[in-house]
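Since the structure comes first, as structure tokens, the remarks are kept for the end.
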Amino acid sequence: MTNYIIRRLLQIPLLLFGVTIIIFGLLGLLSPIERSALYIRDVPRNDNQINAVIRQYALDKPLPVQYWRWLVGTVDINGVRHGGILFGDFGYSRTASQPVLQIIQARFPNTLDLALWTMYPMLAVGIWMGVKAAVYQNKWPDQAARMFSIVGTSFPTFVFGLLMLIFFYAQLHWFLPGKMSDWVTKIMYSGELKQYTHLLSIDALLNGRLDVFWDAMRHMIMPIITLSYINWATFVRVMRSSMLETLRQDYVVTARAKGLKEGVVINQHARPNAMLPVVTMAGMSIVGLLGGVIITETVFNYPGIGKAAADAASQLDVVTSVGMAIFTGFILILSNLVVDILYAFIDPRVRLS
Amino acid sequence: MNDLNNAEIINPLEDPNMPDQEFRPGAEVPAETKETLAGSIEHYVQPGDTESVVDRIQSELPKPKGEGGGPSGDNLTLAEAHSDRKITRLERWLGPENYRIVKGLSKTWASRIGFFLIVLFALIAIFAPLIAPPVGSDPYMMPRDGFASQPKPPGSPWKKNAPEIPFWYKSITGNDEWVHLLGTAQGQYDIFYGVIWGTRTAFRTGFIVEIATVLIGVILGSVAAYYGGATDNILMRIVDIFMTLPYIMMAMIAAAVLTPRLGRSLLPAMIAMIAFGWMGYARVIRSDILSIKERDYVMAAKVSGVKNSRILFKHIIPNAIFPTVVLATLGIGSVVLSFAALSFLGIGTPLGYSDWGQILAFARSWINNLDKYWFIVVFPGLTLTLFVMGWNLVGDAVRDVFDPRMRGRGA
């Protein structure tokens, strides 16, 4: 086990190196002058200022030097560090008029909040449907699940989301786009709502404000349904085939031959073993949710990391979107690591190989 | 014991002692062998076989299709047993393994509906100038009926610079006046025109992106698999790293970086999608080649001193590429989906370009009145969904054909 974790940890620097190289390569498409915008906060007054920035950040030096400066930044004579993505300085956002790191700090809790609430319906319903489809193979539950999964993979997220907006928001006004209603914003800024975690739904519960919690849910329910729906499609497929495979195993036959009830055979013998591939997939999906769900957040105007990145990219604000990409890359690498280690705890075959 | 071993070989088509090329399905069967094949069960039974062995051979001989009808049991011949299996010209051309894939594709209803949808969209794309006659110099730009910002519902008449009325319109509707069949988006872009010509955009982006990703994937994957060792290791680590990054986000950012360089067109989004989309194909072709490079004919080529590059491109890739090509063809659906997603986010095509994602993006400005302006979402959304679904339905059938565990189990 320790060996496995150490081996997995050793991959991290390599992955980080690869990811930063790719993103640095994207930046390499820009000219030094455009790249100096990464570090300038105000509109530069003259060429000297730009040239100073270019020199300070080594933008005219060979690529390896540039890459290194980009990673760690420079320290000026006063001992103040400028730039350096490894130290969290992702640059200054022209479109949002604030440092990229501040945008991330403001937006990431929202993405986390959404991911937290999407996990449960996504996993529970997906697994349940996959098991039913396998147990009733080629009967109507199976056909229904199959149809559901095909429609689910074909339905573009944004079309699904816009259709939901037509019915549940514009027509019925049950659920709302965005993050919170105006009165909740007022409460937030008046300091009436203590922010322990910065996740709105959790904070509302901790403060005992069910009305705020309900408002948060009304705003999150459409993204939750959309995200669950697109993930169900794949979960059903994987769970079904894994369950079919398991139901043919000898120990399932043995359990049936012993005269155990079918429900016990399925729920206690077959399903836990059939869940292993789903655990991997669940890990990947949750990691994906953390990495910002660009399209869903954009459709519902949900102010998470993904929407911030999309807004920046559509205004061609390279600095901000690259900052988001690096942050997302870091998050994905770390959460992949956590998922892999958890997986090794569950499945002995992984850690022993 | 010896007899039993001989009896295991019951099908002359699989007999390793038989001259190989004469029995490949698709090859001409020589006249004298045909006679031998037409022999009865005695042909398979060796002198000295025990009763039980003969019984087993009999039970393993293929049965004729119709229950009861036709010859059965003792005097069943191989020719009769296989009488329903005519080798078509298509099978001869593709070879048995690839033919099985093609046949599996046309087996289920789901895949037939999928094919129907794809053909339908192809026809719409081909006949787009007849269905919706173009206006102005660039047929891909949606015509505008003035510049008012309020969208107009389906059926409202064209007021300003109405385009030529298509030939089919009058005979179906009996109406002389050209209307906005599917309404207009803000800025009075005609949605009907955009949906029809968007089909061309979809096919264009789908094909170009797919061909380029497959080319890159095939080259890198086959080089990795063929040379193995350190080359393989490095290339596959690069694939791993690319796969860590979220596809849509990276494509979006790459397109945003490229747009100032290349201008607003299809190009930035397409290049971005190619740059971050090739990894899957590299993996598929790599695993196919790993098995093919152990085959005898590759060894033979190596022994006779053929250059590495020639072995790779003349002997290995042509034999390994078919599954990748089929998978790639079906990947067009998801490419079009991703492209539409990028346009929806506001990256890629210039304003007013016939492109489903962009029409859907217009709906973002009317999020509070979507019940009134549902047509901006429903028509392009439905078209895009059906397009993607067509490819996915066929793709589902392909997965079943390729996945040996699912083989022969129907839908």
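For the reader, a short list of remarks on this structure follows.
- Rounded if a/c under 1.5, otherwise prolate or oblate - region A:98-346, Cα gyration tensor axes: prolate
- If the convex hull is drawn through the Cα atoms of region A:265-351, its volume per residue in Å³: 105 Å³
- At most 14 other Cβ within 10 Å, DSSP loop - trypsin sites (Lys or Arg not before Pro), region B:130-212: B:LYS159, B:LYS160
- Nearest 10 degrees, 0 to 90: helix A:140-154 Cα axis against chain A principal axis: 10 degrees
- Loop chymotrypsin sites (Phe, Trp or Tyr not before Pro), region A:288-338 (other Cβ atoms within 10 Å of the site Cβ: 10 or fewer; DSSP): none
- Dividing the summed helix terms, -39500 (n - 2.57) for each DSSP H run of n ≥ 4, by the number of residues in chain A produces a 222 nm estimate of -22000 deg cm²/dmol to the nearest 500.
- The region of chain A that goes longest without hitting one of the trypsin sites (Lys or Arg not before Pro) in a DSSP loop, each with at most 14 other Cβ atoms within 10 Å, is A:46-138.
- In terms of accessible area, using a 1.4 Å probe and ignoring ligands and nucleic acids, A:ILE77, A:ILE341, B:ILE292 rank largest first as A:ILE77, A:ILE341, B:ILE292.
- Percent of Cα-Cα distances greater than 15 Å, calculated over region A:224-308: 65 percent
- For region A:161-205, a drop of 40 Å² or more in accessible area on going from the chain alone to the assembled protein chains (1.4 Å probe) is found at A:LEU162, A:ILE166, A:TYR169, A:ALA170.
- With the largest listed first and rounded to whole Å, the semi-axes of the equivalent ellipsoid of region B:317-369 from the Cα gyration tensor are 34, 10, 7.
- Buried area at the A:B interface is about 4600 square angstrom, summed over both chains, from accessible surfaces computed with a 1.4 angstrom probe.
- Gyration tensor over the Cα atoms of region B:92-247: the corresponding equivalent ellipsoid has semi-axes (square roots of 5 times the eigenvalues, largest first) of 45, 23, 13 Å.
- Region A:2-92: Rg to Rh, with Rh as the Kirkwood radius over Cα pairs: 1.08
- Considering every alpha-carbon pair of region B:278-368, the percent of pairs per 10 Å bin, from zero through the bin containing the longest distance, is 15, 29, 19, 15, 13, 8, 2, 0.
- The equivalent ellipsoid of region B:252-411 has semi-axes of 42, 22, 9 Å, largest first, where each one is the square root of 5 times an eigenvalue of the Cα gyration tensor.
- Counting Cβ atoms of other protein chains within 10 Å of each Cβ in A:312-324 and taking the mean gives 5.
- Solvent-free Debye calculation, one equal scatterer per alpha-carbon of region B:100-154: log10 I(q)/I(0) at 0.16, 0.18, 0.25 Å⁻¹ equals -0.71, -0.78, -1.01.
- Rh (Kirkwood; distinct C-alpha pairs) - region A:135-182, Å: 13.0 Å
- Shielding by other protein chains, B:337-348, mean Cβ within 10 Å: 5
- Cα extents of region A:107-176 along the three principal axes, largest first (Å): 42, 28, 21
- The heavy atoms of A:TYR251 present about 90 square angstrom of accessible area, all protein chains included, probe 1.4 Å.
- For region B:261-331, the extents of the C-alpha atoms along the principal axes are 53, 24, 15 Å, listed from largest to smallest.
- Cα centroid separation, region B:216-242 to region A:129-155 (Å): 36 Å
- Annotation for region A:246-297 versus region B:160-205: alpha-carbon center distance of 49 Å.
- Compactness of region B:221-273, taken as the C-alpha radius of gyration over 2.2 N^0.38 Å, stands at 1.49.
- Share of carbon and sulfur in the accessible heavy-atom surface of region B:358-402 [1.4 Å probe, %]: 60 percent
- Non-local Lys pairs in region A:98-346, i.e. 8 or more apart or on different chains, that have alpha carbons under 29 Å apart: 9
- Per atom type, region A:98-346 shows carbon and sulfur on 65% of its accessible surface, probed at 1.4 Å.
The values are calculated or read from the model by the stated rules, or taken from the named source; none is laboratory data. These numbers were taken from a predicted model, which means no experiment stands behind them. Here Cβ is always computed from backbone atoms with ideal geometry, including for glycine, and neighbour counts include all displayed protein chains. For accessibility, only protein heavy atoms count, side chains too; no ligands or nucleic acids. Shrake-Rupley method; radii C 1.70, N 1.55, O 1.52, S 1.80 Å.
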